[in-house]
Amino acid sequence: MENKFENGVLTIYLSGNIDSNNAEQVGAEIDEIRAANPEGSLVLDLENLKYISSAGLRQILRLKKKEKDYKIINVSSEIYEIFDMTGFAEMMDIQKAYRKMSVDGCEKIGEGSNGIVYRLNPDTIIKVYKNNDALDDIKRERELAKTALVLGVNTAIPFDIVKVGDKFGSVFELLSAKSITKLINAEPENKDKYLHIFVDLLKEIHATPVKEGVLPDAKARAIGWAEDLKDYLPAESYEKLHKMLEEVPYSLNMMHGDYHTNNVHYANNEAILIDMDTLATGNPVFEFSNIFLAYQGFGELDHKVCSEFLGIEWDNCCYIWDKVIKFYFEDKDDAFIEDIRNKAQVVGFTRLYRRTLRRDKDNTALINHCKERLIETIDKVSSLTC
């Protein structure tokens, strides 16, 4: 019986069959290994276990009663069904084995801070998470996607969790859809048509109310960004920024949080939203600030930053940022539109300034640019409410 003790975790690997003929011996061997490694948590790895009888289950249950921190991993579908039928899956932490997949040769259709999205085939996509230990993130995103779907927002449907090398991936159904980015690049003469589709879905998202406590509050997060900048801004600018953020009305309407044309796909005359791990609630200004960063803010000093991230040339990035606000507020005049843009830039540069100070503190050019642009735009607005 193989085992390893690493980082405070004792992992014991069970294989073959466990039945009435060997269950007690298996239990005794586990006890012997545990006695030699008494500290930390216990994990049973069942990847190579082919069969377990009721006698084996009694050994599993005996360990549950003895161990405070205990889980079972890499359980095959057949063995998991036994655990599920007997109620064991409800009593303890039992994790199914995950299908192994490869994205070699697959088309990359998008990338965010948490993962990279690939198209596996015409019907499905996979989001591969950058963090090797991303199971909790994946489960959370799957729940968020279901929440949005139940509330009426058309989202890609997650149906499987897989392993891609040493990373986890979430597989979604996305039938023969193309991103708005690809459609704009392929049909530049129709880009306004696709941007109207993009904006219509955004309006639908923002019109969707969510129960309190279901999603994070975007306003609270933005206030946190501002408070981190207190020592980096002139006192007058900081006080005005903080006050304006505090005065943004609390809202329980949905926002996506990472809304760009790679995250909206189109098929069969309907728009489909993907990449749901940034869902939140809040005033539209917080959404617009993220759109501004994606299409302009991140690339003001280096235009390649936006074009490489989005797959859209800088001129088109600027065009999209301009049109999104105009189409969203199609009945408003130019002065109103410009005010919305300035509000979005205030929140956007608050986030980017704080982010750069934390992640790229040696990038003095970008830090100085963010500070100058933030102070400049704070002076242009009297409120951040959209």
Subject >> Out of 226, 220, sole residue that is outside any loop (DSSP other than H, G, I, E, B), at pLDDT 95 or above and surrounded by 14 or more Cβ atoms within 10 Å (Cβ to Cβ) >> reply: 226
Subject >> Any chance residue 161 is surrounded by 14 or more Cβ atoms within 10 Å (Cβ to Cβ), more than 21 Å from residue 271 (Cβ to Cβ), in contact with a helix residue (DSSP H, G or I) (Cβ under 7 Å, 6 or more places away or on another chain) and of a type outside the set (Lys, Arg) >> reply: yes
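Residues are listed down the side, and each one gets a yes or a no for (1) under 15 Å from the mean Cα position of the chain (by Cα); (2) more than 28 Å from residue 314 (Cα to Cα); (3) of a type in the set (Lys, Arg):
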{"site": "243", "(1), (2), (3)": "no, yes, yes"}
{"site": "272", "(1), (2), (3)": "no, no, no"}
{"site": "284", "(1), (2), (3)": "no, no, no"}
{"site": "290", "(1), (2), (3)": "yes, no, no"}
{"site": "294", "(1), (2), (3)": "no, no, no"}
**OP:** Could you please find all residues in region 302-343 being open to solvent by 30 Å² or more (accessible area, probe 1.4 Å), outside any helix (DSSP H, G or I) and either in contact with a Leu (Cβ under 6 Å, 6 or more places away or on another chain) or free of Cβ contacts under 8 Å to residues at least 60 places away in the same chain (or both)?
**Re:** 302, 313, 330, 331, 332, 333
Subject >> Segments classed as strands (runs of 3 or more DSSP E), wholly inside region 87-199, with at least 3 members that are of a type in the set (A, V, I, L, M, F, W, C) >> reply: 115-121, 124-129, 157-164, 167-173
Subject >> Residue list for region 242-270, restricted to those being open to solvent by less than 20 Å² (accessible area, probe 1.4 Å) and either in a loop (DSSP other than H, G, I, E, B) or in contact with an Asp or Glu (Cβ under 7 Å, 6 or more places away or on another chain) (or both) >> reply: 248, 255, 256, 257, 259, 260, 261, 262, 263
Original post:
Among (1) basic (Lys, Arg); (2) assigned to a helix (DSSP H, G or I); (3) free of Cβ contacts under 8 Å to residues at least 40 places away in the same chain; (4) over 27 Å from residue 180 (Cβ atoms), where does residue 361 come up short?
Top reply: (2)
**OP:** Can you run down the residue pairs with Cβ atoms below 6 Å, 6 or more apart or on separate chains, where the first is in region 152-168 and closer than 19 Å to residue 136 by Cβ and the partner is in a strand (DSSP E or B) and open to solvent by 20 Å² or more (accessible area, probe 1.4 Å)?
**Re:** 162/99; 163/100
**OP:** Kindly check whether there is at least one residue in region 277-299 that is open to solvent by 40 Å² or more (accessible area, probe 1.4 Å) and either among the hydrophobic types (A, V, I, L, M, F, W, C) or assigned to a helix (DSSP H, G or I) (or both).
**Re:** yes
Subject >> Count of region 21-48 residues which are assigned to a loop (DSSP other than H, G, I, E, B) and either free of Cβ contacts under 8 Å to residues at least 24 places away in the same chain or buried (at least 17 other Cβ atoms within 10 Å of the Cβ) (or both) >> reply: 3
Original post:
Between a first residue in region 262-276 that is of a type in the set (S, T, N, Q) and a second residue that is in a strand (DSSP E or B), which pairs have beta carbons less than 8 Å apart while being 6 or more apart in sequence or on different chains?
Top reply: 262/109; 262/110; 262/111; 262/117; 262/179; 263/110; 263/179; 263/273
Subject >> Every residue from region 192-217 that is of a type in the set (D, E, K, R), at pLDDT 95 or above and more than 18 Å from the chain's Cα centre (by Cα) >> reply: 192, 193, 200, 203, 204
Original post:
Say we look at region 4-20 and pick out the residues that are more than 38 Å from the chain's Cα centre (by Cα) and among the polar types (S, T, N, Q); which of these is most open to solvent (accessible area, probe 1.4 Å)?
Top reply: 20
Subject >> Counted residues, region 164-196 - those being surrounded by fewer than 16 Cβ atoms within 10 Å (Cβ to Cβ), in contact with a strand residue (DSSP E or B) (Cβ under 7 Å, 6 or more places away or on another chain) and closer than 20 Å to residue 328 by Cα >> reply: 0
Original post:
Of the numbered conditions (1) crowded, with 16+ Cβ neighbours inside 10 Å; (2) not in a helix (DSSP H, G or I), residue 211 satisfies every one except a single condition; which is it?
Top reply: (1)
**OP:** Name the single residue, out of those in region 75-89 being aliphatic (A, V, I, L, M) and out of contact with any Asp or Glu (no Cβ under 9 Å at 6 or more places or on another chain), that is surrounded by the most Cβ atoms within 10 Å (Cβ to Cβ).
**Re:** 79
Subject >> Flag for residue 217 being touching a Gly at 6+ places or on another chain (Cβ under 7 Å) and over 24 Å from residue 270 (Cβ atoms) >> reply: yes
**OP:** Please verify whether region 102-115 includes one or more residues that are within 30 Å of residue 310 (Cα to Cα), open to solvent by less than 50 Å² (accessible area, probe 1.4 Å) and at pLDDT 90 or above.
**Re:** yes
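The values are calculated or read from the model by the stated rules, or taken from the named source; none is laboratory data. Computed from a prediction, not measured in an experiment: that's the story for all the values here. Counting neighbours? That spans all protein chains shown, and the Cβs are built from the backbone with ideal geometry, glycine included. These accessible areas exclude ligands, DNA and RNA; they are computed on the full protein's heavy atoms, side chains included. Shrake-Rupley method; radii C 1.70, N 1.55, O 1.52, S 1.80 Å.
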